[in-house]
Structures are given as structure tokens and as C-alpha cells.
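Asks: Let me begin by handing over the structure; questions about it come next.
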Amino acid sequence: MEHDDEAQVRRGHRRRDTASSLIRHGLLSDGSAGLKAVSLIIGILVVSPLVWLVVRASEVEYSRAVDLVLSASTLGVFLNSIGLVFGVTVLSVLIGVPAAFLTVRTDVPFRRLWTVVLSLPLVVPSYIGAFAFVSASSPRGFFGWIPTPYGFVGAVVVLTLYTYPYVYITTRASLKSFDTSLVDAARTLNASKWEAFRKVTVPHILPAVGAGSLLVALYALSDFGTPAIMRFDSFTRVIYNEYNAMGRNFAALLSVQLLLVTFVILGAESYLSAKSGSGSGGNARGAGAGAGGKKKTRLVSLGVWRLPAAAACGSVGLVALGLPIGILVSWLLRDSPSYASSLAFEASYAFNSVYVSLGAALVAGVAAVPVAYLSARDDSRLSSLIERSTYIGYATPGIVVGLALVYLGVLYLRPLYQTVPLLVFAYVVRFLPQSVGSTRSSVLQVNSSLPEAARSLGRSKLGAFLSVTLPLIAPGVLGGAALVFLTTMKELPATLMLRPTGFKTLATHIWTVQVQGYYGYAAVSALILVLISGVSMIVMISQEGYDVE
């Protein structure tokens, strides 16, 4: 018995020494161990599906893996995806930057109207845009006389129309924070208008353009619905086809390649941001300055180009927003063939979407609280690592998350495979950072002396948090959960792969109808999702103080 007691004491000393060592090396601080443990478990759970995907890919025989990775088809998919990302990003910059300049720095007529119109395409999920354009050129569509724009060009055009607002919004925020007296100073030094723009304005907005371009590139790389509907073989479409054709080893290898490309893009953006001493953070600062501090701006006179500039702004909004909504409304008003009535919209699709989205929002909201609180109150490397780990799933394409959970479910979680809990878990892996970010911002706004005062009155740490901190951060928690809810409503690839048999949501209903070719039956589901996306944008605008002046 005495020997056991001594061994137990030695183990206790070793644990304390280990903890002290971790604290000395910055991996831990001396905060709540329980909070760190809970946050660490959440971080591990969020990352775990991707680990299993890598394990699955590593099980492929080496020679076969080399043959698959180096095959002509894989190289073609890789080049297709890179071309898609490049084309969409370049076109988005070519549309977004001039549009931002016109609505902020010039006297174009109806500037406030164009500001809203040019931002609104963000409310249309790109796969609904692709669906609308394909249905319009179908034999019964508005433009049945023109060939359907399948392939690379169609995918690039559709994705550009629904992603350029990322560049537009970030560039616009940067321009609004720009002190135009710098341009005036350059002009007094005999610089031409173009030289002043190139040497003064461009360096200021470049970080914002880069931040917007990063969002566009990641979206184009990870999007599944648009390449699938436009029949373009990008990574996501081929992975899904291989998954359905039981070529799951190849699908796993392609998924790992897609992950690597995603991380290369993120790494390149971080490197360029560090090199320029700016980046997305710079953009955020610019946005904040634009929203908070009103700077005196002298508008550039367009002269005879005022009306053409206004027409250009209107034409972009008309094609990106007016055309798809008009097409969907027209399908809604038409009679659909009765022999395909099994594809008609049912209220259960909307109910199922709301049901799983509420589940994801609830779980993400609860899981975000410890992670966000630890990140805001603890400056150790461990807390930073846990918070960043939750963003891995967000940067990972939905189809990769779906495939990883298919492997995990089939091999190790068979009772959960194709059930609502596993589907909700996939949504949490994808969208948890939306809730973490919103909650963390709220925690940072709470004065730390308030819970300390509660503790001085005899409350425990948990009691002080529940009675003081939680009520103060509740709006941020609810706002983040609302974003998760609204984003989940639109999610397509993971839902297709993980939903229970016979379980249909609005997004999967649109997908099914599009595959069958009876477009009219998808109008109700598509319009509901556009409406929901509009609500999500209002939430984001209200949270970020987006300025339309």
C-alpha cells in the first residue's frame, strides 16, 4: 500500500512538471484546464474527418497511387481546376474593382442604388444561378434557341457572376477608408490622373483586392454545384462521380490533392500578405475605417461617361440577379408536366432543411462558446491552435468533408452512417468558424473586470461566466448561430453524400430536378433559397455595419 502511494505521488509530480513545462514553452497558460480540455476535444473532433481521409488515401498501394496521381486524367482535372480558379478570379477582379471605384470615387448617377444592386448577386447560390442559365437555354426555356453554355466558359461565367461581389465589397471598403488628399498631392506634383491612380490608389486597395480574390479563388476551387451543372470536370465534380462509381480510392486521392491545392492557395496568400505587411487584416482595418470614420471625398467627374457607367453597373446586376430570378418566376408560373409530378415541391423539403439547419446552428453555437472564450481570454499557443483548427473544415471543400465522413461512417461509425446526427456533424465541421468568429468578437467586448467582480462576491468561475459573461455575449452567439443556420440551408455536396435514404432538402430537391431535366419543379425551392440567402446577407450587413453611402 505504501509503495502504491509513493507511485501515485510520483505520477502527480510528473503531471505537474509536464504542465509547468508546457506553460513555460507557451503551449499552455495557467488558465482553466477544464476549458482547455473541452476546447481541445472540439478542435480534435472538427479535424478528425480529414485525418481519416488522409489515412484512407494512404492505404492505396504506392505504385497504384502514383499511377492514379500521374495519370493524364488526373493532370487534366488539376489543370481544369486551376484554370477555373484563375479565370474566375481574374474576371472577378476585372468586374469588382472598376465597380467599386465607380460607386465610391466617381459621380456616377444612382450610386447608392448600384451599391446595393452590385452586392446582391452574393445572395444567389451559384448552383441556382447555373441551374437558371441552363434551364433558360433548354428547349422550353426563354433562350431555347441558343446553345447551352456547358463547359469551361459557362462555369467561369456563372461562377464569376456570383463571386465578384467578394472583390467588390472588400475593394469598396478599402476605397472608402482612402484619404483622397494623397491623390491631390500627387496631382500637384505633375502626376497624370492615371499615374496618381497607379502609384497612390492601387497600393492602398491592393490588400483588399487580394483578400477578395482569395475568397473568390477558394469558392471557385471548392464549389461543386456549378461545375456539375455546367458539366465541367473540376476536382469536385470528378470526386463526386468517382464516389458514385465506387472508385473511392481515386476519390480519396483526388480529395487529398484538392486539399493540398487549397492549402497552397492559403499559404500563398499568407506569404504575399506578410511580404506586403498587410493582408486581410489590413482590409478589415480598412473596412472599419470606412464604416466608422467619414473622410472627405472629392468625386471624380465622369463627364459624358456618366450614363454609360450607370448602364454598365445596371447590366451586371441585370444579368447576375434579374435574369435568374426572372427565369425562376417564369418557371413557377408555367404548368409542369403531370407525368413527372413526383418531382413537385413538397413542404417536407423545407421542413427538413430547417430541421437540420437548426440542429447545426444549435450544436455550432454551443461548441463555439468554449473555443471562442478560450481564444479571447488566453494568449497561449494552444488556444490559438485550437481556434485555427476549427477553420480547417471551413477552408475544406464540402465534398471533401462529405467524403471523409463517408469513410469514417462506413468503417467506424456504422450506426451513424446516413443519419441526421452525422449530417449535422458535417455542417458543424464546415461552418463552425462562423459561430466562433461572431462569439469571439462578443467576448472581446466584455470587460474582464465584470466576471472578476462576480468572483470576488463568491461566485465560482462557471457561476461568474453563466451569470455575467454569457448574457453579455448572447447576441454574438445567436448571430453566429444564425449565420450557420442560413449557410446550412444552402449546403449541397455534403448533404447529397450523407443524408439519410429518402431524406430531401431544398438543395437536394433542386439537384434532383436539374438532373431529371424538369426545371419547373425546382422554382419554388430555388426561390426559397434565394430569399433565405438574402436574409443571411442582411444578417452579415447588420453585423459588419456595411455602408452603402
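Asks: Quickly run through the range 39-68 and pick out the residues that are hydrophobic (A, V, I, L, M, F, W, C), surrounded by 18 or more Cβ atoms within 10 Å (Cβ to Cβ) and under 28 Å from residue 431 (Cα atoms).
Replies: 40, 42, 46, 50, 52, 53, 57
Asks: If I go through the range 443-453 residue by residue, how many of them are within 17 Å of residue 383 (Cβ to Cβ) and in a helix (DSSP H, G or I)?
Replies: Within the range 443-453, residues that are within 17 Å of residue 383 (Cβ to Cβ) and in a helix (DSSP H, G or I) number 2.
Asks: Can you tell me which condition residue 78 does not meet? The list is (1) part of a helix (DSSP H, G or I); (2) over 30 Å from residue 211 (Cα atoms), and all the others hold.
Replies: (2)
Asks: Here's a follow-up. For residue 83, indicate whether it is assigned to a helix (DSSP H, G or I), modelled with pLDDT of 90 or more, open to solvent by less than 20 Å² (accessible area, probe 1.4 Å) and not charged (D, E, K, R). Lay out the reasoning, then the answer.
Replies: Working: assigned to a helix (DSSP H, G or I): yes; modelled with pLDDT of 90 or more: yes; open to solvent by less than 20 Å² (accessible area, probe 1.4 Å): no; not charged (D, E, K, R): yes.
The answer is no for residue 83.
Asks: While we're here: Looking only at the range 182-192, count every residue that is without any contact (Cβ under 8 Å) to a residue 24 or more places away in the chain and in a helix (DSSP H, G or I) and tell me the total. Even if it seems obvious, please write down each step before you answer.
Replies: Looking only at the range 182-192, we keep the residues that are without any contact (Cβ under 8 Å) to a residue 24 or more places away in the chain, and these are 182-183, 185-192.
From what's left, in a helix (DSSP H, G or I): 182-183, 185-188.
Residues meeting the conditions: 6.
Asks: Going through 260, 272 one at a time, which residue ends up being open to solvent by 60 Å² or more (accessible area, probe 1.4 Å), part of a helix (DSSP H, G or I) and within 17 Å of residue 65 (Cα to Cα)? Explain how you work it out, then say what you get.
Replies: Details: 272 fails: within 17 Å of residue 65 (Cα to Cα).
So the residue among 260, 272 that is open to solvent by 60 Å² or more (accessible area, probe 1.4 Å), part of a helix (DSSP H, G or I) and within 17 Å of residue 65 (Cα to Cα) is 260.
Asks: Kindly indicate whether any position in the range 133-154 is touching a Phe, Trp or Tyr at 6+ places or on another chain (Cβ under 7 Å) and at positive phi.
Replies: Yes, there is a match, as at least one residue in the range 133-154 is touching a Phe, Trp or Tyr at 6+ places or on another chain (Cβ under 7 Å) and at positive phi.
Asks: Return yes when residue 252 is in contact (Cβ under 8 Å) with a residue 60 or more places away in the chain and outside any loop (DSSP other than H, G, I, E, B) and no when it is not. Break it down stepwise before answering.
Replies: On the way: in contact (Cβ under 8 Å) with a residue 60 or more places away in the chain: yes; outside any loop (DSSP other than H, G, I, E, B): yes.
For residue 252, the condition - in contact (Cβ under 8 Å) with a residue 60 or more places away in the chain and outside any loop (DSSP other than H, G, I, E, B) - is met.
Asks: Criterion first (at pLDDT 85 or above, closer than 30 Å to residue 322 by Cβ and open to solvent by less than 30 Å² (accessible area, probe 1.4 Å)) does residue 238 satisfy it?
Replies: On the way: at pLDDT 85 or above: yes; closer than 30 Å to residue 322 by Cβ: no; open to solvent by less than 30 Å² (accessible area, probe 1.4 Å): yes.
Against the criterion (at pLDDT 85 or above, closer than 30 Å to residue 322 by Cβ and open to solvent by less than 30 Å² (accessible area, probe 1.4 Å)), residue 238 does not qualify.
Asks: Further, regarding this structure: Identify the residue in the range 353-372 that is in contact with a Leu (Cβ under 8 Å, 6 or more places away or on another chain) and either surrounded by fewer than 19 Cβ atoms within 10 Å (Cβ to Cβ) or not aliphatic (A, V, I, L, M) (or both) and, among all such residues, is nearest to residue 36 (Cα to Cα).
Replies: Here the residue is 370.
Asks: Has the range 16-32 got at least one residue that is open to solvent by 40 Å² or more (accessible area, probe 1.4 Å), modelled with pLDDT of 80 or more, aliphatic (A, V, I, L, M) and not in a loop (DSSP other than H, G, I, E, B)?
Replies: no
Asks: Residues in the range 454-475: is at least one of a type in the set (S, T, N, Q), crowded, with 22+ Cβ neighbours inside 10 Å and not in a helix (DSSP H, G or I)?
Replies: No, there is no match, as no residue in the range 454-475 is of a type in the set (S, T, N, Q), crowded, with 22+ Cβ neighbours inside 10 Å and not in a helix (DSSP H, G or I).
Asks: How many residues, within the range 99-133, are assigned to a helix (DSSP H, G or I) and either among the aliphatic types (A, V, I, L, M) or free of Cβ contacts under 8 Å to residues at least 12 places away in the same chain (or both)?
Replies: Within the range 99-133, the first condition is being assigned to a helix (DSSP H, G or I), and the residues that meet it are 99-105, 111-123, 126-133.
Next cut, either among the aliphatic types (A, V, I, L, M) or free of Cβ contacts under 8 Å to residues at least 12 places away in the same chain (or both) only: 99-100, 102, 104, 111, 113, 116-118, 120, 122-123, 128, 130, 132.
The number of residues fulfilling the criteria is 15.
The values are calculated or read from the model by the stated rules, or taken from the named source; none is laboratory data. Every value quoted in this text rests on a predicted model; they were computed, and no experiment measured them. All Cβ positions, even for glycine, are placed from backbone atoms using ideal geometry, and neighbour counts span all protein chains on display. Side chains are part of the model used for accessible areas, which takes the heavy atoms of the whole protein and leaves out ligands, DNA and RNA. Shrake-Rupley method; radii C 1.70, N 1.55, O 1.52, S 1.80 Å.
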